[in-house]
Amino acid sequence: MEQGEKKQGGANGEEGATPAAAREPEQKLELKRLNKGEDEEDVSPAKKLRTDHSKEVATHYNTLQEVGLAARSQSRIFYMRNFNNWLKSVLIGEILEKVQGAGSRDVSVLDLGCGKGGDLLKWRRGGISHLVCADIAEVSVEQCQTRYEDMKRRSHANEKIFRAQFIAADCSKELLSEKLDDPKLMFDICSCQFVYHYSFESEQKADMMLRNACERLKPGGFFIGTTPDAYELVKRLEASDSLSFGNEVFKVSFESKGSYPLFGCQYHFNLEGVVDVPEFLVYFPLFEHMAKRYNMRLVLKQRFSEFFDEKVKKDQHRSLMMKMMALEPFPCEAGGQQATENTEQYCHAKEHCDKAGVRRPVGTLSRSEWDATSIYLVFVFQKMS
């Protein structure tokens, strides 16, 4: 695996282990009516009475069972989830380096949409001083707080663990600054991982989420996150013969195609055993425009495949990838099993392994997992002075 990692998906310029669909440059796709003016919006009574999906999202994540490592390792998307977690780790780590490199010693972070606390260890490793965790799912926030308390209890006597506050709130409707224990608290970083797209149900909700993310950032502070790429989703929908697309691990279903409003463009996303909720397209040029209201400028926007290709070239990131088991060894050890018995899922990896000079095993994901993770992008905004 160690030797194979360096051959995988761009670590040394070779392309064998990543499908072309996950590596192709973003195509310029004209989204019909996506950038129309607000005066052209459909304001029919049916639109005005559109269901608020916040409770549905909260209920889903509140009822999602917490499982141990043994159960997670049996998941069909075990390596994909690890890959996404590695990508977040690299993003968070590099932004923390920037903040601390600029002279900030007591780093404060807002984890907007913290879930069950999956990023707590990242903040711990980053040596931050203060963390505010906020999420719409009350049960998730409670589990996040329990994780934090366990982490403090198990820490070394001489280790200083960051202070933390936990807030259960709909961050697309409620102003977080009114709920802070310290009303004067300002943040160096706001992290919003796989969450912001829920707020694009309406302009009001998208703006409130953005306000919570950016209003209390210090000058030079960062708003970072991950979200589905609207262009990629629409491209795949338009190429489909139906109103849905996907594979054995994920499915995206739209209500219609050919017309994509700026806000409230709903689709249903299902990811095996993890996500089964309505989401909304985030038209990124509009997202970027709205962020300017809060004096934010875009400094990075990359698809996951592009971010991966760039970061995996660095030794420390490859080492972390191995530690986090973010790629699946191919071929697997004698007597072992790949994540799926469908050999066609690894044609790209086999083709790569057959090249001269490639040492086995290589690190990869199944084709379905690459296909699923390639719908996402990374973004970084910075607060102007």
*On the first, second and third principal axes, largest extent first, how far apart are the outermost C-alpha atoms of segment 137-178 in Å?*
40, 21, 10
*Decide, for segment 263-310, between rounded, prolate and oblate: order the square roots of the alpha carbon gyration tensor eigenvalues as a ≥ b ≥ c, take rounded if a/c falls under 1.5, and otherwise choose prolate if a/b is larger than b/c, else oblate.*
oblate
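With a ≥ b ≥ c the root eigenvalues of the C-alpha gyration tensor of segment 230-385, is it rounded (a/c under 1.5), prolate (a/b larger than b/c) or oblate? Mind dumping the intermediate values first?
Numbers: a/c = 2.60, a/b = 1.41, b/c = 1.85.
It comes out oblate by the Cα gyration axes.
Once you have the Cα-Cα distance between Thr146 and Glu97, take 0.36 nm times their residue separation minus that, and quote the gain in nm to one decimal. Write out the running numbers ahead of the final one.
Values: separation 49, 0.36 × 49 = 17.64 nm, distance 2.77 nm.
Separation in residues times 0.36 nm, less the Cα-Cα distance, equals 14.9 nm.
Can you order the peptides 296-309, 122-135 by their average number of other Cβ atoms within 10 Å per residue, highest first?
Working: 296-309: 18.9, 122-135: 21.3.
The peptides rank, most packed first, as 122-135, 296-309.
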*Per 10 Å bin, what percent of the C-alpha pairs of segment 89-132 does each bin hold, from zero upward?*
28, 61, 11, 0
*Hz values of 3J(HN,Hα) by residue in segment 157-168 - Karplus curve (6.51, -1.76, 1.60), Gly and Pro given as x*: 4, 8, 8, 9, 8, 4, 6, 8, 10, 10, 10, 9
*So how far apart, in nm, are the two label points at Leu243 and Glu255 if each is 7 Å from Cα heading toward Cβ?*
0.9
*Pairs beyond 31 Å (Cα-Cα), from Lys116/Lys184; Lys152/Lys292; Lys314/Lys355; Lys257/Lys350; Lys184/Lys323; Lys251/Lys383*: Lys152/Lys292; Lys257/Lys350; Lys184/Lys323; Lys251/Lys383
*What list of whole percents do you get for P(r) of segment 207-265, with Cα-Cα distances grouped in 10 Å bins up to the one holding the largest distance?*
17, 38, 23, 18, 4
*segment 77-189: C-alpha gyration tensor shape, a/c 1.5 cut-off, then a/b vs b/c*: rounded
*Can you give me the Cα centroid spacing of segment 167-236 and segment 115-133 in angstrom?*
17
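Counting other beta carbons within 10 Å of each Cβ, put Asp315, Asp229 in order, fewest first. It would help to have the intermediate numbers written out before the result.
Numbers: Asp315 10, Asp229 21.
Fewest-to-most Cβ neighbours within 10 Å comes out as Asp315, Asp229.
We did not get these values from a lab; they are worked out from the coordinates using the rules stated. This structure is a prediction, so every number in the text was calculated from the model and none was measured. For neighbour counting, all protein chains shown are included, and Cβ atoms are generated from backbone atoms with ideal geometry for every residue, glycine included.
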